[in-house]
1. Across the Cα atoms of the stretch 108-253, what radius of gyration and what greatest pairwise Cα-Cα distance (Dmax) are found, in Å?
2. For the stretch 260-343, which GluC sites (Glu not before Pro) pass both filters: DSSP loop (anything but H, G, I, E, B) and at most 15 other C-beta atoms within 10 Å?
3. Could you list, bin by bin from short to long, the percent of Cα-Cα pairs of the stretch 106-147 in 10 Å steps?
4. So what's the net charge close to P73: Lys and Arg +1, Asp and Glu -1, counting the other residues with Cβ under 11 Å from its Cβ?
5. For the stretch 231-338, calculate the relative contact order in percent as a whole number, restricting contacts to Cα pairs under 8 Å that are 6 or more residues apart.
6. What is the local net charge at G101, summed over the other residues whose Cβ is closer than 13 Å to its Cβ (Lys, Arg +1; Asp, Glu -1)?
7. Summing +1 for each Lys or Arg and -1 for each Asp or Glu, what net charge is found among the other residues whose Cβ lies under 14 Å from the Cβ of V290?
8. In debye to the nearest 20, how big a dipole does the chain give about its Cα centre with +1 on each Lys and Arg Cβ and -1 on each Asp and Glu Cβ?
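The values are calculated or read from the model by the stated rules, or taken from the named source; none is laboratory data. Predicted, not measured: the structure shown is a model, and the values here were computed from it. Note that we place each Cβ from the backbone using ideal geometry, even for glycine, and neighbour counts take in every protein chain shown. Surface areas here come from the heavy atoms of the whole protein model, side chains and all, with no ligands, DNA or RNA. Shrake-Rupley method; radii C 1.70, N 1.55, O 1.52, S 1.80 Å.
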Amino acid sequence: MTRIGIIGAGAIGGVVGGMLTRAGYQVTLFDHWVEHINEMKQNGLRLSGPLIGDIRMPVDARHLYEAQAISEPFDIGIVAVKSYDTEWATSFISPLVRDDGAVVDFQNGINDERVAAIAGRERTLGCVITIGAGMYEPGHCMRTDTRTLGFKIGELDGSDSDRARDIAAMMNHVAGSESTTNLWGERWGKLAVNCMANPIAGLSGYGSGEVRARDDTRWLCIRIAAEVIEVGRAHGHNIDGVWGIDAQKFVDVANGGDSSELDAELIAGAQALGAGRPSFLQDVIRQRRVEIDALNGWVVEQGKAVEIATPANAAVAEVVRSFPVGELRSDPSNLGLIMDRLG
């Protein structure tokens, strides 16, 4: 029986851990939110969503200090925390995974090399996540989307490996999954999604689908995504798609091309997201630190390295950073602050 340890039992980690437990895998969930772990210990994990229904199940949930009781190493360790928690979380789970096991990066942003620096590059794989998930109370994790494909698993060196295919097969118990030999291209495509939707949702309060469907935010999302694509390509990555849409369409529209086809695809795709909120907006609601430095801020830095201007991403990062940690409040008027910086 495959043994899986997950550090970060939030929205994504909770949905993944719960569904794998339901499928018969031996899963241990670790988290630093005391009330969340206590609720799961006492009453089990509640999972809900349009593709899940509403279920409650017993899970192996543990506080961080309880890792000392783990006597048999995990076969797979999953890092499912915020980007700014990457190093300590990887240092926590990596020693609990057998030497020839796998440590898989389940995060937004591009943190795979940071994970590999601690866990060992030969043990590290990446997972690009396209499902939507949320958590607003202890012990309850939701899958909020209705998309068919949810995960892409890949080796850092781009090789086609049995273990990547095996992990993808395992993840099919959570959502449709496949292995990829283009992890970095997939990462940058997902980064474009996160950069164009997450902070705009967090600043405005609009949901995942709304920021793509509304005329007053969609054009900004397209400009943000186009910059990410151009920077990623300048770094040598093959970025084919962004949220299932031909990546070149974002670049063409941002450079003055006709937007009607891309607008229609974004609006149609928004329906599959339902009423979900991206993680950035969830963090704003809970008055937590946001991941701007691993998203738009990181793209700005990567753009400087290849001498590509990223004014839209820079404006978003500047506006978000203008609020002290925990003090950002969602309001559509915040979008005007971005417009002011863009002129």
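1. Taking only Cα atoms of the stretch 108-253, I get Rg and Dmax of 15.9, 45 Å.
2. Of the GluC sites (Glu not before Pro), the ones in loops of the stretch 260-343 whose Cβ has at most 15 other Cβ atoms within 10 Å are E307, E327.
3. Per 10 Å bin, starting at 0, the Cα pair percentages come out as 24, 36, 29, 11.
4. Local net charge: -2.
5. The value is 24 percent.
6. So the surrounding residues net to -2.
7. Neighbour charge sum, excluding V290 itself: +1.
8. Rounded to the nearest 20 debye, it is 700 debye.
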